[in-house]
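Contents: one structure, followed by commentary.
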Amino acid sequence: MISFRQALRLGLIATAGALYLGLGHLAASSEHPPIIALIVGLLPLGAMALVAAWNSRAPALALLLFAACALAIAINLDNLRSHAAWLYFVQHAGAMILLTITFGSTLGRGHQDALCSRIASFVMLGQLDADYLRYTWKVTVAWTVYFAASAILSVLLFYFGPVEVWSFFANVLTPVLLGVMFGGEYLIRLRAMPGRSHFSVAETIRAYREYSRRR
């Protein structure tokens, strides 16, 4: 049973996530969205760029370039408001493509090297047997196909459909489908791997974040 502090934390995270998605949908589907919606949309890209600059081989130069880009964006916020949908599109499609490459690039070197196999080995104590590694390899394939399909659908909807439909897919359906993928995989794992110790959906997400941080 979760504590009050954990419940409060989860509630705050859920509220912040819902607010971000709502502002994203508003900004992407509006011809002239509020400045706050545009700024919120820039935050994830800005945070990733800042981390990349900080960890680069020449951090001083990279941080200077980051500051110059941030200043240029701040000066041109009004112009960016007219192209907010492009900002969210690049962010969504780019993330899906990057995740496709991240998962897919680990599939050709054996079951034990697949990304989901690595994460499972990182979390679970002891050596994983061949059946479990074969299963986690298939899970990696499933995630690769999911991210690739999401990227393709994002591009098709953005270029050939109304921007409102694309925005609904990117900002509303995407997190729902991610939850379905995580929950569905957990239920399938319980059935496909009976009698094993299993980590929950939340533990899976934490394990992926920790694995990514330690790489």
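Quick check on SER197: is it at pLDDT below 85 and either more than 15 Å from the chain's Cα centre (by Cα) or open to solvent by less than 50 Å² (accessible area, probe 1.4 Å) (or both)? Quick ask: steps written out before the conclusion?
Values: at pLDDT below 85: yes; either more than 15 Å from the chain's Cα centre (by Cα) or open to solvent by less than 50 Å² (accessible area, probe 1.4 Å) (or both): yes.
So SER197 fits the description; yes.
Restricting LEU80, LEU98, LEU71 to those that are at pLDDT below 80 and in a helix (DSSP H, G or I) reduces the list to LEU80.
For (1) open to solvent by less than 70 Å² (accessible area, probe 1.4 Å); (2) in contact with a helix residue (DSSP H, G or I) (Cβ under 7 Å, 6 or more places away or on another chain); (3) of a type in the set (Ser, Thr, Tyr); (4) under 23 Å from LEU50 (Cα atoms), each residue gets a yes or a no:
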site: ALA67; (1), (2), (3), (4): yes, no, no, yes
site: TYR88; (1), (2), (3), (4): yes, yes, yes, yes
site: SER121; (1), (2), (3), (4): yes, no, yes, no
site: PHE147; (1), (2), (3), (4): yes, yes, no, no
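Identify, please: which residue in the range 101-119 is part of a helix (DSSP H, G or I) and of a type in the set (Gly, Ala, Ser) and is, among those, surrounded by the most Cβ atoms within 10 Å (Cβ to Cβ)?
Initially, the range 101-119 is screened for residues part of a helix (DSSP H, G or I), giving 101-104, 111-113, 115-119.
Next, only the ones that are of a type in the set (Gly, Ala, Ser) stay: 104, 117.
Numbers: GLY104: 18, SER117: 22.
Out of the qualifying residues, it is SER117.
Of the set (1) under 20 Å from GLY184 (Cβ atoms); (2) out of contact with any Ser or Thr (no Cβ under 9 Å at 6 or more places or on another chain), all apply to ALA74 but (1).
Which of the residues that make up the range 150-186 are touching a residue at least 24 places away in the same chain (Cβ under 8 Å) and either open to solvent by 40 Å² or more (accessible area, probe 1.4 Å) or touching a strand residue (DSSP E or B) at 6+ places or on another chain (Cβ under 8 Å) (or both)? Working first, answer last.
Of the residues in the range 150-186, the ones touching a residue at least 24 places away in the same chain (Cβ under 8 Å) are 150-151, 154-155, 158, 163-164, 166-168, 170-172, 174-175, 177, 181, 185.
Result: VAL155, VAL163, GLU164, PHE168, VAL172, PRO175, LEU177, MET181.
The values are calculated or read from the model by the stated rules, or taken from the named source; none is laboratory data. Given the structure is predicted, the values throughout are model-derived calculations rather than measurements. Glycine gets a Cβ as well: all are built from the backbone with ideal geometry, and neighbour counts include every protein chain shown. Ligands, DNA and RNA are excluded from the accessible area calculation, which covers all protein heavy atoms including side chains. Shrake-Rupley method; radii C 1.70, N 1.55, O 1.52, S 1.80 Å.
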